[in-house]
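Remarks on the structure that follows.
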Amino acid sequence: MTATRPTATRPTATCLADLELRVKEGEFGSDPGTLRVSTAFVTSQCVRHSGRNGGYRNEVLGLRVGAAVGSCAVEPGTLPDDASAACAGRPVGELLEHPLAAVRTAALDAYLMHVLPHTPANGARPWSLPAGDSLRKSRARARAVVGLLGAVPGQRVLVVGVVNSLLEALRDRGLAYEPCDLKGGTTEWGEKIRTDATAVADRCDAFLVSGMTLGNGTFEPLREHAARHGKELVAFAQTGSAVLPRLLGAGVSAVCAEPYPFFWLDGGRGVVHRYGGMP
């Protein structure tokens, strides 16, 4: 399932702001002002896996630059109706300054996907997902994500962005967890989902963090905490799949990157790309 760990990776940044600045200055490749978004679109999803009690909804802004698609998931209904139309044909450099965080995040992701695609030369290790129904693929992705954690039974993992398949995989590993999500609610097992991850970060030994935190502004405090206290932070990234690998070693210990199209869009075989973490 795993490929040989690459011997060299491309440079990383010290924090999200540093990464954004270096991209704008062209340090990672092409000048973003010379690249344009050819296609902009919004994917809306509603998921209720067979055999599960609950479900969830998301919307994802997608921006295409060349062959690359950058993504940022948002809460349904929060994107303006003209968000995608306003992005099509615009220079990436301009969109990196856009007032909407979702647009800035998707543009950054598209740029980095274009200049640093998910290949072994850029640090990625491909991990195959099997064909099957949505729950089978969700569980397979969860194993790919949780397998990057070095946490051992008895330790507690802060999960930011609740996906029940990830919680199930943590339970199978004998790991305790603290589920957090801005939407609140309860898990499949009736556990309360907290809405403030930073309030419970101190009691957790490792972090499992959704790429959605890039778009909603909650990522940097978690990265800073992990870096300051030497804790693992493993990111599972549909949003920002090409962004988070560039923060390895700066509070991010591993990334499971899943660029568009995501596992829930197709029943065929798929692939995610793993960086860092456990081999």
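Values in this text are rule-based calculations from the coordinates and carry no lab data. Please read all numbers here as calculations on a predicted model, not as lab measurements. Cβ coordinates were reconstructed from backbone atoms using ideal geometry, including for glycine residues, and neighbour counts include every protein chain displayed.
Annotations
- Karplus-derived 3J(HN,Hα), 6.51/-1.76/1.60, for each residue of the stretch 20-29, Hz, glycine and proline x: 4, 5, 5, 5, 4, 8, x, 6, 9, x
- In terms of the mean number of neighbouring beta-carbon atoms within 10 Å, the peptides 66-72, 41-47 order highest first as 66-72, 41-47.
- Calculated from backbone phi, Karplus (6.51, -1.76, 1.60) coupling profile of the stretch 198-211 in Hz, x at Gly/Pro: 5, 5, 10, 4, 4, 8, 10, 8, 8, 10, 10, 10, 6, x
- Highest average packing first - 114-120, 144-150, Cβ atoms within 10 Å: 144-150, 114-120
- At q = 0.14, 0.15 Å⁻¹, base-10 log of I(q)/I(0) for the stretch 123-276 (Debye sum, equal scatterers on each alpha carbon): -0.62, -0.72
- Residue-averaged 222 nm ellipticity for the chain, from DSSP H runs of 4+ at -39500 (n - 2.57), nearest 500: -7000 deg cm²/dmol
- Measuring against 31 Å, Cα to Cα, the residue pairs K192/K231; K24/K192; K137/K183 contain K24/K192 as the ones spanning a longer distance.
- Expressed to the nearest 5 percent, the antiparallel share of DSSP beta bridges inside the chain is 55 percent.
- Loop-resident sites, the stretch 175-279, for chymotrypsin sites (Phe, Trp or Tyr not before Pro), counting at most 14 other Cβ within 10 Å (DSSP): W189
- The mean sequence distance of close C-alpha pairs (under 8 Å, at least 6 residues apart), as a share of the length of the stretch 16-115, puts its relative contact order at 31 percent.
- Vicinal HN-Hα couplings computed from phi for the stretch 140-151 (Karplus, 6.51 cos²θ - 1.76 cosθ + 1.60; Hz; Gly/Pro x): 5, 5, 4, 5, 5, 6, 5, x, 7, 6, x, 4
- Helix 219-229 and the longest principal axis of the Cα set of the chain meet at an angle near 60°.
- Cα gyration tensor, the stretch 16-115 - rounded (a/c under 1.5), prolate or oblate: prolate
- Other-chain or far-sequence residues with amide H under 5 Å of F236's (modelled H): V209, S210, G211, C256
- For the chain, the longest principal axis of the C-alpha atoms and the axis of helix 101-115 are separated by about 80°.
- Entry note, the chain: relative contact order of 21 percent, from Cα contacts under 8 Å with a spacing of 6+ residues.
- Charge dipole (debye, nearest 20) of the chain; +1 at Cβ of Lys and Arg, -1 at Cβ of Asp and Glu: 880 debye
- Highest-first arrangement of 15-28, 159-172, where packing means the average Cβ count within 10 Å: 159-172, 15-28
- Long-range HN-HN contacts of Y177 with modeled amide H, under 5 Å: V157
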